[in-house]
1. Residues ALA129, ALA122: which one is in a helix (DSSP H, G or I), modelled with pLDDT under 90 and among the aliphatic types (A, V, I, L, M)?
2. Please go through the stretch 22-80 and pick out each residue that is among the basic types (Lys, Arg) and either touching a strand residue (DSSP E or B) at 6+ places or on another chain (Cβ under 8 Å) or crowded, with 16+ Cβ neighbours inside 10 Å (or both).
3. Can you spot a residue in the stretch 60-69 that is among the β-branched types (Val, Ile, Thr) and assigned to a helix (DSSP H, G or I)?
4. Select from the stretch 133-182 the residues that are of a type in the set (D, E, K, R) and in a helix (DSSP H, G or I) and list them in ascending order.
5. The conditions are (1) at pLDDT below 50; (2) surrounded by 16 or more Cβ atoms within 10 Å (Cβ to Cβ), and ILE113 fails exactly one of them. Which is it?
6. Taking only the stretch 35-59 into account, find how many residues are of a type outside the set (S, T, N, Q), farther than 25 Å from VAL13 by Cβ and part of a helix (DSSP H, G or I).
7. Applying the selection to the stretch 1-20, what residues are surrounded by fewer than 19 Cβ atoms within 10 Å (Cβ to Cβ) and part of a helix (DSSP H, G or I)?
8. Taking interchain pairs and intrachain pairs at least six residues apart, which have beta carbon atoms under 8 angstrom, with the first residue in the stretch 60-72 and in contact (Cβ under 8 Å) with a residue 40 or more places away in the chain and closer than 9 Å to LEU7 by Cα and the second among the charged types (D, E, K, R) and not in a loop (DSSP other than H, G, I, E, B)?
Amino acid sequence: MSRLGDLALVARVVTLHDTRAFDQLVKRYQSPVRRFFLHQTCGDAPLSDDLAQDTFLKAYTALASFHGAANFGTWLYRIAYNTYYDYLRSRRETDDLDTARVDAQCCTSQPDIGREMDICRALAILKEAERTCITLFYLEDLDIERIAGITGMPAGTVKSHLSRAKQKLATYLKQNGYDRRK
């Protein structure tokens with residue numbers, strides 16, 4: 001829906017405490033937010049659901065602070081982005097090893113000989129910031145400026161992460177038999 005429609009729903013939630021209006025916002029954005037988390041967590045559906053739920057809870061409690069400077073989707077993705085990195089920070093505090101990095105190394109050391117390569121395995125080789133930028137740009141179809149607003153990175157940094165991530169993915173795909181030449 002339009003930015004104006006989102007603003008109207010936000011206004012109804014904030015002024016009238018209309019939970020049905022927030023439910024409409026959740027229905028509108030739950031699939032993109034969940035998909036964002038699925039790519040960030042390399043396909044961990046239960047974790048993605050938990051993080052999406054946390055995102056919407058945080059958004060609901062902070063809705064009065066939304067002033068419409070950015071569109072609602074960008075504001076919500078920013079909350080999702082922060083929720084994911086809060087999760088990573090809390091996980092690193094309790095783990096002796098960076099489990100995500102170990103998992104990624106294990107996944108990439110095992111050759112995938114089938115034609116149907118799991119996109120999550122390819123995304124797992126990327127650094128967190130690269131994966132975020134690639135996910136938002138190619139899978140969520142957001143532009144550079146919007147990604148910069150969500151992540152808080154300068155647009156040039158987003159472009160650098162996209163460039164490095166594309167190169168890493170191309171190399172990985174070539175190593176796993178996905179060469180352009182046939």
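The values are calculated or read from the model by the stated rules, or taken from the named source; none is laboratory data. Quick caveat: nothing in here was measured; it's all calculated off a predicted structure. Neighbour counts run over all protein chains shown; Cβ positions are idealised from the backbone, glycine included.
1. Numbers: ALA129 fails: modelled with pLDDT under 90.
Result: ALA122 is the single residue among ALA129, ALA122 that is in a helix (DSSP H, G or I), modelled with pLDDT under 90 and among the aliphatic types (A, V, I, L, M).
2. If we filter the stretch 22-80 for residues that are among the basic types (Lys, Arg), which is where we start, we get 27-28, 34-35, 58, 78.
ARG28, ARG34, LYS58, ARG78, listed by residue number.
3. Start the filter on the stretch 60-69 by keeping residues that are among the β-branched types (Val, Ile, Thr), which leaves 61.
Narrowing further to those that are assigned to a helix (DSSP H, G or I): 61.
Checking the stretch 60-69: at least one residue is among the β-branched types (Val, Ile, Thr) and assigned to a helix (DSSP H, G or I).
4. Let us first name the residues in the stretch 133-182 that are of a type in the set (D, E, K, R), namely 140-141, 143, 145-146, 159, 164, 166, 168, 174, 179-182.
Residues satisfying the conditions are GLU145, ARG146, LYS159, ARG164, LYS166, LYS168, LYS174.
5. (2)
6. So the first thing to find is which residues in the stretch 35-59 are of a type outside the set (S, T, N, Q), and the list is 35-39, 42-47, 49-52, 54, 56-59.
Now drop any that are not farther than 25 Å from VAL13 by Cβ, which leaves 38-39, 42-47.
Next, only the ones that are part of a helix (DSSP H, G or I) stay: 38-39, 45-47.
Of the residues in that region, 5 qualify.
7. Step one: filter the stretch 1-20 for residues surrounded by fewer than 19 Cβ atoms within 10 Å (Cβ to Cβ), giving 1-5, 7-8, 11-12, 14-20.
Across the stretch 1-20, the qualifying residues are ARG3, LEU4, GLY5, LEU7, ALA8, ALA11, ARG12, VAL14, THR15, LEU16, THR19, ARG20.
8. The qualifying pairs are ASN71/ARG3; ASN71/ASP6; PHE72/ARG3; PHE72/ASP6.
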